[in-house]
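Here's the structure, in structure tokens; my notes come after.
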Amino acid sequence: NLTGWIVGLAACTVYLLTIEPTASFWDCGEFIACAYKFEVGHPPGAPTFLLLGRIISLLTFGNVHLVGMFINALSAISSGFAVMFLFWIITFFAKRFYINNGEELSKGDTLAVLGSGIVGAMAFCFCDSFWFSAVEGEVYALSSFFTALVFWAMLKWEHADEHAGNDPHARARSDRWIVFLFFMMGLSIGVHLLNLL
């Protein structure tokens, strides 16, 4: 968990240091303006993104010169958290290569799992198309965050369901992940329809 948080913080730092200071030359200007004025953007509208953008723009305390940068920062932080969840997804699958019947990982196996997570997440962090979306006020960064969050939550539910067995209380606790999944998918539809795929 700690390594995942460090990877996410590193990604957030890189993106925040490289964000666009204002609007980019495409839909970003429209999204920033619509979020700031709390209006409807082009179809399908992206209401979750615009609502979060409006909340972030309130933190400028009326300084309109900072609105673009703050909404771009929303994308940067969302992308950093997407990288963090990707790290946890990779390590979840990597652990399965080494663990059979609930045994513990050796020190070397732990390093291999953590190393694969770091390499995979940071390769994604620095890939051109993701980094490009992470530094501007567009829906793709927040959509990537929701997609990574939903996929990670599916793995958490599957893990909790495996360990619940026939215990009704444990089964009820594992079903909470399904409710969380559908809630996050519902919010993600208000950003971009990618999450439904």
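The values are calculated or read from the model by the stated rules, or taken from the named source; none is laboratory data. Here the structure is a predicted model, which means the values were calculated and not measured. Cβ atoms come from the backbone with ideal geometry, glycine included; neighbour counts cover every protein chain shown. Please note that ligands, DNA and RNA were not included when accessible areas were found on the heavy atoms of the full protein model with its side chains. Shrake-Rupley method; radii C 1.70, N 1.55, O 1.52, S 1.80 Å.
From the list Phe81, Phe87, which residue is in contact with a Leu (Cβ under 8 Å, 6 or more places away or on another chain), closer than 20 Å to Phe146 by Cα and not hydroxyl-bearing (Ser, Thr, Tyr)?
Numbers: Phe87 fails: in contact with a Leu (Cβ under 8 Å, 6 or more places away or on another chain).
Of Phe81, Phe87, the one residue that is in contact with a Leu (Cβ under 8 Å, 6 or more places away or on another chain), closer than 20 Å to Phe146 by Cα and not hydroxyl-bearing (Ser, Thr, Tyr) is Phe81.
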- In region 164-191, the residues that are under 21 Å from Val139 (Cα atoms) and small (Gly, Ala, Ser): Gly186, Ser188, Gly190
- Which of the following residues is open to solvent by less than 80 Å² (accessible area, probe 1.4 Å) and either at pLDDT 90 or above or acidic (Asp, Glu) (or both): Ala82, Ala46? Ala82
- Counted residues in region 97-142 being touching an Asp or Glu at 6+ places or on another chain (Cβ under 7 Å) and either more than 17 Å from Phe25 (Cβ to Cβ) or free of Cβ contacts under 8 Å to residues at least 60 places away in the same chain (or both) come to 1
- Flag if Ile189 is open to solvent by 10 Å² or more (accessible area, probe 1.4 Å) and within 15 Å of the chain's Cα centre (by Cα): yes
- Task: Of all residues in region 142-197, count the ones that are hydrophobic (A, V, I, L, M, F, W, C) and assigned to a loop (DSSP other than H, G, I, E, B).
- Result: 2
- Message: Checking Ala94 against (1) closer than 25 Å to Thr48 by Cα; (2) among the small types (Gly, Ala, Ser); (3) surrounded by 18 or more Cβ atoms within 10 Å (Cβ to Cβ): exactly one of these is not met. Which one?
- Response: (1)
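Has region 39-48 got any residue that is under 17 Å from the mean Cα position of the chain (by Cα), among the hydrophobic types (A, V, I, L, M, F, W, C) and not in a helix (DSSP H, G or I)?
So the first thing to find is which residues in region 39-48 are under 17 Å from the mean Cα position of the chain (by Cα), and the list is 46, 48.
Applying the additional criterion that residues be among the hydrophobic types (A, V, I, L, M, F, W, C) yields 46.
Add one more test, that the residue is not in a helix (DSSP H, G or I), and what stays is 46.
Within region 39-48, one or more residues are under 17 Å from the mean Cα position of the chain (by Cα), among the hydrophobic types (A, V, I, L, M, F, W, C) and not in a helix (DSSP H, G or I).
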- Collect the residues in region 1-38 that are in a loop (DSSP other than H, G, I, E, B) and either among the charged types (D, E, K, R) or touching a helix residue (DSSP H, G or I) at 6+ places or on another chain (Cβ under 9 Å) (or both), keeping them in residue-number order. Asn1, Thr18, Ile19, Glu20, Pro21, Thr22, Ala23, Ser24, Phe38
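For region 97-111, give me each residue that is open to solvent by less than 60 Å² (accessible area, probe 1.4 Å) and small (Gly, Ala, Ser). Step through it out loud before you land on a result.
Applying the first criterion (open to solvent by less than 60 Å² (accessible area, probe 1.4 Å)) to region 97-111 yields 99, 105-106, 108-110.
Of everything in region 97-111, those that are open to solvent by less than 60 Å² (accessible area, probe 1.4 Å) and small (Gly, Ala, Ser) turn out to be Ser106, Gly108.
Search region 104-141 for residues being outside any helix (DSSP H, G or I) and of a type in the set (D, E, K, R), and hand back the single one that is modelled with the lowest pLDDT. Please lay out each step first, then the result.
Residues of region 104-141 outside any helix (DSSP H, G or I): 104-106, 126-127, 135-138.
Now restrict to residues that are of a type in the set (D, E, K, R): 104, 136, 138.
Values: Glu104: 82, Glu136: 92, Glu138: 88.
Going through the qualifying residues, I end up with Glu104.
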- Query: Inside region 165-186, can you point out the residues that are open to solvent by 40 Å² or more (accessible area, probe 1.4 Å) and under 12 Å from Val150 (Cα atoms)?
  - Reply: Trp177, Ile178, Val179, Phe180, Phe182, Phe183, Met185, Gly186
